[in-house]
1. Per DSSP H run of at least 4 residues, take -39500 (n - 2.57); add these up for the chain, divide by its residues and hand me the 222 nm value, nearest 500 deg cm²/dmol.
2. Given a cut-off of under 8 Å on Cα pairs at least six residues apart, what relative contact order in percent is computed for the stretch 355-450?
3. Would you list Ile3, Ile434 from fewest to most Cβ contacts within 10 Å?
4. Mind putting a number on the dipole of the stretch 23-114 about its Cα centre? Charges go on the C-beta only, +1 for Lys and Arg and -1 for Asp and Glu, and I need it in Debye to the nearest 20.
5. What percent do you get for the relative contact order of the stretch 52-162 when only Cα pairs under 8 Å and 6+ apart count?
6. Mind putting a number on the dipole of the stretch 232-321 about its Cα centre? Charges go on the C-beta only, +1 for Lys and Arg and -1 for Asp and Glu, and I need it in Debye to the nearest 20.
7. Which whole-number percentage describes the relative contact order of the chain, with Cα contacts under 8 Å and a sequence gap of 6 or more?
8. Compute the distance in nm between two label points, each set 7 Å from the Cα along the Cα-to-Cβ direction, one at Ser270 and one at Ser426.
Amino acid sequence: MKIIIAGGGKVGATLVAELTYEGHDITLIDEHASVMEEIMEQYDIIGVCGNAASMATLEQAGVTEANLLIAVTDADEVNLLTCLTAHAMNPQVHTIARIRNADYREQSYRMRDQYALNMIINPEETAALEIARLLQMPGFQKIETFARGAAEIAELRVKADSPLNGRALNQLHKLVHSPVLVCAVQRGNDCIIPDGNFVMEENDRVYFTASQSALADLLESLGEVSRKARSCLIVGGSRISLYLARELQKSRIPATIIERDHDKCQELASELSETRIVEGDGSYQEFLYKEGIANYDAFVTLTGMDELNIVMSLYASEMHVPAVVTKLSHAENNQILDKLNIGSVISPKDLISASIIRYVRAMQNKTGAAVTMHYIAYGQGEAIEFNVDADTKHQDTPLKDIAIRRNVLIASISRGWHSTLPTGSSTFHEGDTIIVVANSDQKIQNLNDIFEDAE
């Protein structure tokens, strides 16, 4: 497809990388020539320097032939106007806009037809919701939900003293009595779709498929924290902190936000009546110690500096805080991150990129297209949800009789609200939901792509 991306910041650059890899024809618009040229040096794309909301710039970018326009400039107003102008020039183009300002969000949703918006994204709110979900079951590094909540894929890091360390998958049932399936393992830079003989090792990131209750049983069997966090200490008064505190208030989880800027503290205090706001510098270990960091169930670092977030999270882990969440703007070097005890890593730009990739894939092939797609193993693997439709091959055939492509695994089959872990005798038919896990280089866009006889 022909896709125009307006804005070459963190999110825009990530989208260029992902969508170029997916094989799309990308045109990037940015007002700063240096930003655009830096991205163009890395990827085979077209660059247009100018104001994305201008008709002249959009015409130069080829908006009349474009299938999709994604507006992710730093200004909400520019993003809205860009989508509105693009739709006026090409009524068939799909539009996605990043809207951060809370004053615009509500009216953007209510007036999305007038603004010609097909999708509205907010990286900070998305990150906050992801963190809030993690704090419901803090023993996991990451949790993805599929099939309307009937199935989940959870990431767990194998520690040196974990019962998983040195254990083969075919011996897992002796440790965990609830039905769980290991659908993928990240080891270094490799995403492995393992068989029963695979032996887990320290620092592996293991991805389990199971129901929520089974995942809770798994944590208990491993001696990990299985109950939700009852208190949370947040460092950094960012937009994510505001959204997260609101979510925690809804869940009746007491929260404290540490922020060194006086004006920000005042703003947060006016917005969050049930959240404790502390003015101070959370980068000092002595300050965190006096604030009672060791007494909290959860610690979340949300400053704008990756290095600072990492250092504070390392200290929280040293103080044995049960759940630690680290926000990183640049989480690409997973080999280094894997060696650091910084808990769960959240990257807002990666979360938004995955949401947009799902939308693009659905546009590209509506019949049999992915319903939901999540990156796992730092983008080395994908967990993809499909609906079985009339065109899906091999319906009502036992899985043991179906040739499935290498490095592809059917992780779950859901029928209605009931989800099951597949066995060799399992079958699927029209109306079912299937979760597929695969290496990201498999390029699976349609459910039939997982079969060896895919045309």
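Throughout, read-outs are computed from the coordinates displayed, never taken from laboratory work. Just so you know, these numbers come straight off a predicted model, no measurement behind them. Please note: Cβ atoms are built from the backbone with ideal geometry, for glycine as well, and neighbour counts cover all protein chains shown.
1. Value at 222 nm, helices only: -9000 deg cm²/dmol.
2. Here the relative contact order equals 34 percent.
3. Ile434, Ile3
4. The calculated dipole for the stretch 23-114 is roughly 480 debye.
5. 18 percent
6. 340 debye
7. 12 percent
8. 5.3 nm
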